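Please read the structure below before turning to the comments.
The values are calculated or read from the model by the stated rules, or taken from the named source; none is laboratory data. Just so it is clear, the structure is predicted and the values come from calculations on it, not from any experiment. A quick note on method: Cβ atoms are made from the backbone with ideal geometry, for glycine too, and the neighbour counts reach across all protein chains shown. To get the accessible areas, we keep the full protein, side chains included, count just its heavy atoms, and leave off ligands, DNA and RNA. Shrake-Rupley method; radii C 1.70, N 1.55, O 1.52, S 1.80 Å.
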Amino acid sequence: MTEHAEGATLTVDELAARAGVTVRTIRFYSTRGLLPPPRIGPRRVGRYGEDHLARLALIEELQSQGMTLSAIERYLQRLPEDMTAQDLAVHRALVASWMPDTTDEVTREQLERRAGRPLEESDLRRLELLNVLERTDEPGRFVVDPGLLPLGVRLLELPMSQESVLAARQVLLDHARQVARELSKLFREEVWEPYREQEPDAEQVERMKSLSAHMQPLVVQALLTAFQRSLREELRGAFPKERAPRLGG
């Protein structure tokens with residue numbers, strides 16, 4: 001990651017609020033080299049950007065997986081230095097793809113700090129429809145998916161109607177279910193059933209366990225790559241006489 005964060009506008013307090021961590025945690029991560037230094041602005045005030053926020057989200061995800069800080073440090077050192085905030089968000093999604101679902105219960109003030117912007121009632125309804133958050137029985141308190149919140153906030157800023165966003169979401173869900181169904185069938189018929197018909201030894205059992213544990217993130221990465229390439233091709237076909245719009249990072 002470059003020394004100067006892209007769009008560096010956040011103070012350390014704002015970064016902590018957006019990330020849902022403490023300022024002390026940010027300072028500690030910085031001393032360990034897990035976070036790049038901030039951009040120094042006027043009056044020698046450090047400013048942080050979306051890449052710092054994405055890096056913090058990835059660190060928290062890796063910690064939830066049980067990795068030590070030393071292991072996380074080695075993990076981050078292996079990532080390309082020029083990864084953007086969008087690249088880091090995708091990488092975090094791949095890491096989270098085999099993690100249990102997690103949610104946080106927050107007040108509206110905490111929710112807006114994490115979102116980095118005020119949220120109107122219409123924004124809350126839209127985030128609710130996108131399954132980013134749920135209202136609790138206590139007014140002003142919400143159950144939020146921290147992994148989906150950054151995506152949901154970005155969708156709020158798109159010049160698309162709520163109906164269009166929900167329609168796109170439904171298309172993705174329908175096709176994702178179909179792909180998952182076909183891949184599960186393939187795995188069962190081509191891998192699992194032939195395996196069950198054998199008399200596997202201990203080494204084969206461990207190999208199968210390893211395959212099952214690693215299959216989901218590998219499939220997610222393959223699907224993401226295939227989707228990105230297909231989307232670029234479709235956009236080039238839809239806009240043959242002009243530069244096609246970029247979707248995603």
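Some observations on this one:
- The combined condition, being at pLDDT below 80, within 30 Å of Leu223 (Cα to Cα) and open to solvent by less than 40 Å² (accessible area, probe 1.4 Å), is not fulfilled by Ser64.
- Of the residues in the range 49-62, none is on the phi < 0 side of the Ramachandran plot, over 18 Å from the mean Cα position of the chain (by Cα) and of a type outside the set (D, E, K, R).
- Taken over the range 36-71, the criterion of being part of a loop (DSSP other than H, G, I, E, B) and in contact (Cβ under 8 Å) with a residue 24 or more places away in the chain is satisfied by Pro36, Pro37, Pro38, Gly41, Val45, Gly49, Gln65.
- Members of the range 159-171 that are closer than 24 Å to Ala222 by Cα and either at pLDDT below 80 or touching a Ser or Thr at 6+ places or on another chain (Cβ under 7 Å) (or both): Arg169
- Count of the range 128-167 residues which are under 22 Å from Glu14 (Cα atoms) and of a type in the set (A, V, I, L, M): 10
- Residue list for the range 76-92, restricted to those being part of a helix (DSSP H, G or I) and either within 18 Å of Ala16 (Cβ to Cβ) or modelled with pLDDT under 85 (or both): Ala85, Gln86, Asp87, Leu88, Ala89, Val90, His91, Arg92
- Any hit, the range 20-28, residues being β-branched (Val, Ile, Thr) and either in contact with a strand residue (DSSP E or B) (Cβ under 7 Å, 6 or more places away or on another chain) or not in a helix (DSSP H, G or I) (or both): yes
- On inspection, Leu130 qualifies as in contact with a Gly (Cβ under 8 Å, 6 or more places away or on another chain) and aliphatic (A, V, I, L, M).
- Taken across the range 187-209, residues that are in a helix (DSSP H, G or I), open to solvent by 70 Å² or more (accessible area, probe 1.4 Å) and either within 29 Å of Leu124 (Cα to Cα) or modelled with pLDDT of 80 or more (or both) do occur, with at least one present.
- Within the range 93-127, the set of residues being in contact with a strand residue (DSSP E or B) (Cβ under 8 Å, 6 or more places away or on another chain), at pLDDT 90 or above and part of a helix (DSSP H, G or I) comprises Arg108, Leu111, Leu124, Leu127.
- Test for Thr22: is it modelled with pLDDT of 80 or more, open to solvent by 70 Å² or more (accessible area, probe 1.4 Å) and polar (S, T, N, Q): yes
- With respect to the conditions (1) at negative phi; (2) at pLDDT 85 or above, Gly140 falls short on a single one, namely (1).
- Within the range 72-88, residues that are open to solvent by 20 Å² or more (accessible area, probe 1.4 Å) sit with their Cβ atoms under 7 Å from residues that are in a helix (DSSP H, G or I) and of a type in the set (A, V, I, L, M), at 6+ positions apart or across chains, in these pairs: Tyr75/Leu62.
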